[in-house]
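J.: Please read through the structure below; I'll follow up with questions.
Derivation of every value follows stated rules applied to the coordinates shown; laboratory data play no part. Predicted model, so just to flag it, every value in this text is computed and none were measured. When we count neighbours, we look across all protein chains shown, and the Cβ atoms used for this are built from the backbone with ideal geometry, even at glycine.
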């Protein structure tokens, strides 16, 4: 009984519970014939949301007002320039990845430079940076759709032991993020900053340096996600990151991370990402139109958040 109560007290359990319900409803509707395919597709597409969601989670953990709206444009620029550099050559795969990381590094620096030097809110700073980054992507793309190297395309679309490689990459990044949050002084610093910036400064925590690193980390993860998504999709498109603007925020909130900061939740991001994909799949299966799908998706998200919030209040 105590174990059950402890489990139910975890904020991330509700995103997984919602995921299980939606998965079962979809499987029952299709007669169980698509269970394996649906599960693999969910893991694949949720993995991209997990990668960008982890980066957004780090930023949101810093406290109220901290958010990165440049994630979609960073993904687009990273995927576009990486594919152009690799030019369908397998020998250039690591160079393409290195360029993606560099792009994320530079975007992160730009984001925090606007926040710190111009003293403008993160939401405005990162939105401004997103226009610059997206414009650069448009200029560099020029309507071309370059294919990824064959080996990279095969890797991103293949599985190991039935688990998509993309999901394995996301899992590895999740484990690294967990170690950073739970086992490193950096993780303690961002939690402390999120709980009280003033108190964190008084205790000698390098608040500015920690925030600087966090915005870079978020941008780098967005760049890596863009690199993988462009390779998985067979090319980079100028709107490839668009759906990850709200998605990167939604999976953090639904997953149980405190919007007020100071408390992060990596398992919840996985549950929320799977949930978001399965909701769309279920609504597609039932033949709902795009507008109605958006309305129902929003209502379901609100219901999950209210349920989790009600349980936490009851405690």
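J.: Please give the Cα centre distance for the stretch 137-194 versus the stretch 205-267, rounded to the nearest Å.
T.: Going from one Cα centre to the other spans 10 Å.
J.: Taking 8 Å as the Cα distance limit and 6 or more residues as the minimum spacing, I'd like the relative contact order of the stretch 36-310 as a percentage.
T.: On the way: 465 pairs, mean separation 98.6, N = 275.
Computed value for the stretch 36-310: 36 percent relative contact order.
J.: Could I ask something else about it? Between residue 168 and residue 296, what is the FRET efficiency for a Förster distance of 25 Å, r being their Cβ-Cβ separation, to the nearest 0.05?
T.: Numbers: r = 31 Å, r/R0 = 1.26.
According to the calculation, E is roughly 0.20.
J.: Report the relative contact order of the stretch 155-263, percent, no decimals, based on alpha-carbon pairs under 8 angstrom and at least 6 residues apart. Write down the numbers at each step before the final one.
T.: Working: 55 pairs, mean separation 29.4, N = 109.
Averaging sequence separation for qualifying contacts and normalising by length gives 27 percent for the stretch 155-263.
J.: Which residue, 166, 185, 295, has the most motion in a Gaussian network model of the chain that connects Cα atoms within less than 10 Å?
T.: With Cα springs under 10 Å in the chain, the top fluctuation among 166, 185, 295 is at 295.
J.: Ok, one more. With a 10 Å Cβ neighbour count serving as the proxy for reagent exposure, in which order, fewest first, do 178, 139 appear? Before the final figure, lay out each step's value.
T.: Numbers: 178 15, 139 10.
Least to most surrounded, the residues fall as 139, 178.
J.: Given springs between every Cα pair under 10 Å in a Gaussian network model of the chain, which of 258, 303, 46 has the largest fluctuation?
T.: 303
J.: While we're here: Test of understanding: what is the full-extension gain from residue 95 to residue 182, defined as 0.36 nm times their sequence separation minus their Cα-Cα distance? Walk me through the intermediate numbers first.
T.: Details: separation 87, 0.36 × 87 = 31.32 nm, distance 3.14 nm.
Contour length minus the Cα-Cα distance gives 28.2 nm.
J.: Taking the chain as a Gaussian network, Cα atoms linked when under 10 Å apart, which of 127, 274, 28 shows the biggest mean-square fluctuation?
T.: 28
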